[in-house]
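Data block below; observations after.
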Amino acid sequence: ANAATLAVFSGEGVMADGHLVPLLANVGGAADAVKAAAAGAQGVGLLRTEFCFLDRDEEPTLDEQVTAYRGVFDAFPGKKVVVRTLDAGADKPLPFLTDASEPNPALGVRGYRTDFTSPGVLKRQLAAVATAAEGTEADVWVMAPMISTAEEAADFARMCGEAGLKNPGVMVEVPSAALTAETILGEVNFASLGTNDLTQYAMAADRQLGPLAALNTPWQPAVLRLIQLTVAGSVAEGNNKPVGVCGEAAADPALAVVLVGLGVNTLSMTARALAAVAAVLAKVTVEEAQRLAGIALAAPSALEARARVRAELPILD
Ligand code: PEP
Ligand code: MG
């Protein structure tokens, strides 16, 4: 979609009781960021940096990276921009980082794990993000994809600190990270739920396979419970860290309400979905969202959860 076809929304994530849910955009580069800002996004919840370099055989230089990231930062002066470090592998192979001959790429050396096999690339990327951040007014946060353990989270936070980046976080998209969210969030400042991969791994169903689409929905009871556990860990004694959602789940208006009801603080989505999600949130209070989250959690199946919640949200009909 181009900027002209994106509906500009005015609700800005204000719920019926005045509760604010920042609505952010998922972007793959500066062009996306400009469109997202025009559509009314309050920042970027996911900059997929691998999208800037998908056609590359070699690691991008520091200057190339700085230019790519700064283009996004400049579209959001004074706003939050969450940079995700390279999520290479599986559905997003990068020839300079990932091994195309792996037998199980989704379970392979991907995302943060490429730091095990290609040491230095992540460190140089963090340096580029820090350099790009210096010249802008954007509030730059940075997060690692495919974090599975608290040790990895701690290591990433240490690397961010060494690069001078003050707001390290992790994606929660591996079930082990959701199950240990309390410990993981003791190491970093925030978490962002990647419901696309979290669903794929919880259901053991490749997200790219059409015949598995019925398994691959974030309405699955198992996925809703993992989200609930992540939020519980984030607010556990001594933590109090924000949790967002940046997977496709945030773009489904009925599910967005459920996510807020589960305690998620921010929602990040394709810019095309912002207006519809804002419109539904404007009709419900947090208390109603919590009740709908309870209905979703109590449902025996994904289909039932979706049907029961949608039946309570007549605005969607
Ligand atoms: C996710 O896994 O939900 C996510 C947001 O990341 P990606 O779709 O880029 O893997
Ligand atoms: Mg992912």
Query raised in the report: Hey, got the dipole for region 268-313? About the Cα centre, +1 on K and R Cβ, -1 on D and E Cβ, debye to the nearest 20?
Result: 160
Requested in this report: Would you kindly state how much longer the chain becomes between Asn240 and Ala298 on full extension, computed as 0.36 nm times their sequence separation minus their alpha carbon distance, in nm to one decimal?
Outcome: 18.3 nm
Query raised in the report: Rule-of-thumb check for region 244-297: C-alpha Rg over 2.2 N^0.38 Å?
Result: 1.00
Report task. Note the angle between two axes, namely the Cα long axis of helix 30-39 and the longest principal axis of the Cα atoms of the chain, as a number of degrees from 0 to 90, rounded to the nearest 10. Result -> 30
Requested in this report: Please name whichever of Gln220, Phe76, Ile295 sits farthest to the positive end of the charge dipole of the chain, dipole taken about the Cα centre and charges placed at Cβ: Lys and Arg +1, Asp and Glu -1.
Outcome: Ile295
Query - Residue-wise HN-Hα coupling along region 246-256, computed from phi with Karplus coefficients 6.51, -1.76, 1.60 (Hz; x: Gly, Pro) - result: 10, x, 4, 3, 5, 8, 8, x, 5, 6, 4
Query raised in the report: Hey, which lysines would be in cross-link range of Lys241, C-alpha to C-alpha under 26 Å, not counting anything within fewer than 8 residues on its own chain?
Result: Lys79, Lys80, Lys123, Lys166
Report summary line: For region 70-86, Karplus-derived ³J(HN,Hα) couplings (6.51, -1.76, 1.60; θ = phi - 60°; whole Hz; x for glycine and proline) come out as 5, x, 6, 4, 5, 6, 10, x, x, 10, 6, 10, 9, 8, 9, 5, 3
Query raised in the report: Quick one: helix 150-163 against the long Cα principal axis of the chain, what's the angle to the nearest 10°, folded into 0 to 90?
Result: 60
Report summary line: Honestly region 208-317 on the Cα gyration tensor test (a ≥ b ≥ c root eigenvalues; a/c under 1.5 rounded, otherwise a/b vs b/c for prolate or oblate) is just rounded
Report summary line: Computed for the chain: size of charge dipole around the Cα centre, +1 on C-beta of each Lys and Arg, -1 on C-beta of each Asp and Glu, debye to nearest 20, value 600
Query raised in the report: Radius of gyration and Dmax for region 217-261's Cα atoms, expressed in Å?
Result: 11.0, 32
Requested in this report: Rank-order 247-253, 162-168 by packing density, defined as the average count of other C-beta atoms within 10 Å over each peptide's residues, highest first.
Outcome: 247-253, 162-168
Report summary line: Counted neighbours (other Cβ, 10 Å), sorted fewest up, put Val140, Val34, Val170 in the order Val34, Val140, Val170
Requested in this report: Using 0.36 nm per residue of separation minus the Cα-Cα distance, give me the extension gain between Lys283 and Glu64 in nm, one decimal.
Outcome: 74.5 nm
Query raised in the report: Against the longest alpha carbon principal axis of the chain, how many degrees, from 0 to 90 and to the nearest 10, is the axis of helix 121-134 turned?
Result: 80
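Every read-out reported here was derived from the displayed coordinates using simple, explicitly stated rules and does not represent laboratory data. Note that the structure is a prediction, hence the values are computed from the model and not measured. Glycine also receives a Cβ, built like all others from the backbone with ideal geometry; neighbour counts cover every protein chain displayed.
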